[in-house]
Amino acid sequence: MLTALVTGAGRGIGLATAKAFLAAGWRVIALDKDFSRFDATGAVERLQYDLTDIAGIPAMCASLGEVHTLVNNAGVLYCEPYDAIPEAHKQEILAVNLEAPVALISALSTPMVDRKGGRIVNVGSVAAFTGHPDLWYGITKAGLLNLTKSWATRLGPHGVLVNAVAPGPTHTDMYEQLPQSRKDMVTRSVYSGRAARPDEVAATILWLGTASPDYLNGTTVDCNNGSYPR
């Protein structure tokens, strides 16, 4: 049975992604630090881990066995003024959104290279393409899309696909913490007049993590319904 590791799987897009892989017949390792709302069932293993512990990631990955697809979904957002964000929040955003994906890819790609196959999907955001109000969130999401291309360059010759998805605003806890003015801006900017559902983003992640063509590598698939600024 093929195995996917999905980070931030306790809720939102991560939970929807875990369910999508399970429905497709995969075994899922669901990584999060809070499983209080996790309701996926089947061939799933819960892995409680705090991704701010960057130093512990190599040993954690070594204990997992064979991972065929890695989904770097976990992310942190704080809606705070750019000049008043606490240092601890900034460091958490940098660790979870950017440093942890690098560490996970570094650890898990080596056996993928040895097997001459594997897939990595990074969950970015439209925030990567805009002057985003949440400064460090936008910076890390832009960095995540850049490292997607960098790792694809490194791993592509060995049969490992590294792609990303850039969702627009999606109905998750992260979305719900936005002020109403930001939510209103979303509904005005998208074609459908609504935020995405987590399962819609998960379907795109599943495709990239299982069935997209081998020639699709180092690419970001937009899943935003036109929500770039006009």
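The values are calculated or read from the model by the stated rules, or taken from the named source; none is laboratory data. What you are looking at is a predicted structure, and each value in this text was computed from that prediction instead of being measured. Reconstructed Cβ throughout: ideal geometry from the backbone, glycine too, with neighbour counts over all protein chains shown.
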Result of the Cβ filter at 6 Å on the stretch 67-91, keeping first residues that are under 30 Å from Ala43 (Cα atoms) and partners that are assigned to a loop (DSSP other than H, G, I, E, B) and of a type in the set (A, V, I, L, M), at least 6 apart or interchain, is His68/Leu2; Ala74/Leu51
Can you name the condition, by its number, that Tyr78 falls short on among (1) within 20 Å of Ser125 (Cβ to Cβ); (2) crowded, with 24+ Cβ neighbours inside 10 Å?
(2)
Matching helices (runs of 4 or more DSSP H) fully within the stretch 56-146 where at least 2 residues are over 30 Å from Met1 (Cα atoms) and among the charged types (D, E, K, R):
87-94
If you take the residues in the stretch 1-52 that are part of a strand (DSSP E or B) and in contact with a His (Cβ under 8 Å, 6 or more places away or on another chain), which one is surrounded by the most Cβ atoms within 10 Å (Cβ to Cβ)?
Ala4
It is to be established whether one or more residues within the stretch 177-189 are surrounded by 19 or more Cβ atoms within 10 Å (Cβ to Cβ) and modelled with pLDDT of 95 or more.
no
